[in-house]
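Have a look at the structure below before the remarks.
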């Protein structure tokens, strides 16, 4: 049983700019939902004191990261912009009758999702906070800090930049980092408008099951979420397996593990050999642009690209084949390709069909879904995930609070620092047991 005890509006501690801030052409097709993550702390001390520390430090953090205190609003051509104002973030206090140990391995479940702020997406977008925080006290004395940050405003790297700076302020430390880079115009299509230089199949709906004319039937099927583990030794085995017989290419852990998940899912789903299947890959473009985008950039600097093949090729050929398709897709994302994708977005009169609604509780008939026969595997391996110490020590666990669709997966380094990966995946109930079997059997 969880109860919300109080709700606070947290505004910037100082006067901040009040202006309209344009969104980049990447921001414009991001989901109109919030990314939910959770941070668990075992023995943080006095709850009321912790709430006061979090409110005070959040208020100070919103000075530099002031766009998070504002609101989105609609403009012409189905676009959005940020109205920078001091309306602020929302912070909720909650109490739970559970203990931290009740959550086991922290696999995303409805109980984990309840530790993040509830959001009513029937509320007009100009009234929704861009940042919401829920601090839940457990009967064991531990707490969970659950975050919900607008997908439109930031990607994962930028969200973690904010959390890192917020935690430093909470600890009373001076920031040794540069101020966030807020200029989103570096990811706007050039003027005057020009036609895209490349075709962009990543904006088309991914493959459907053979014999199906839409994704609606697959969306109705129940899916389950599992948290699995790959040890350091298993990861090295997969990487070696992906590189067997490769004289010139050396596939990374990411390419090996992602290829492995893709193959196992296709096997578990028992696809026909001629079934097309796509692996949807999220690519960070910061270092791909010319010149590179500053690491302190605060916004979305990611794009998606599809690796596509037939299920027959995917499962009958060695792991190196899956890894090669992933490598091929990633290498296609050059600065020129990204700029062409911005031109494509700019050329569209209406964007709703390009937005993916993959957060629980928010779905649209027109949205793109990465479900059977496809996968979307996201790696958090290159992110600064851990060390969110708000003054009471590092987190016991940090991770996603929800997996909203069949075919969605994350993997990231385990908190223990032993070189292992946590893998969180959503698959249809009918396919999950077979997937788990192949997941370990095929290492």
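The values are calculated or read from the model by the stated rules, or taken from the named source; none is laboratory data. Just so we're clear, the structure is a prediction, and the values are computed from it rather than from any experiment. We place every Cβ from the backbone using ideal geometry, glycine too, and count neighbours over all the protein chains shown.
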Do we find a residue being within 25 Å of residue 71 (Cβ to Cβ) and either surrounded by fewer than 16 Cβ atoms within 10 Å (Cβ to Cβ) or at pLDDT below 95 (or both) anywhere in the range 110-118?
yes
Residues of the range 16-52 being part of a loop (DSSP other than H, G, I, E, B) and either under 16 Å from residue 140 (Cβ atoms) or outside the structural domain of residue 71 (by TED's automatic domain parsing) (or both), which ones?
42, 43, 44, 45, 46
Filtering the range 165-198 down to residues that are surrounded by 16 or more Cβ atoms within 10 Å (Cβ to Cβ) and in a helix (DSSP H, G or I) yields 165, 166, 167, 168, 169, 170, 184, 187
If you check residue 98 against the conditions, is it under 30 Å from residue 422 (Cβ atoms) and not in a loop (DSSP other than H, G, I, E, B)?
no
Residues (part of a loop (DSSP other than H, G, I, E, B) and within 20 Å of the chain's Cα centre (by Cα)) located in the range 121-161
121, 128, 129, 130, 151, 152, 153, 154, 155
Based on this model, can you work out whether residue 332 counts as under 28 Å from residue 36 (Cβ atoms) and at pLDDT 95 or above?
no
When restricted to 429, 360, 377, the only residue in the same structural domain as residue 239 (by TED's automatic domain parsing), surrounded by fewer than 20 Cβ atoms within 10 Å (Cβ to Cβ) and modelled with pLDDT of 95 or more is 429
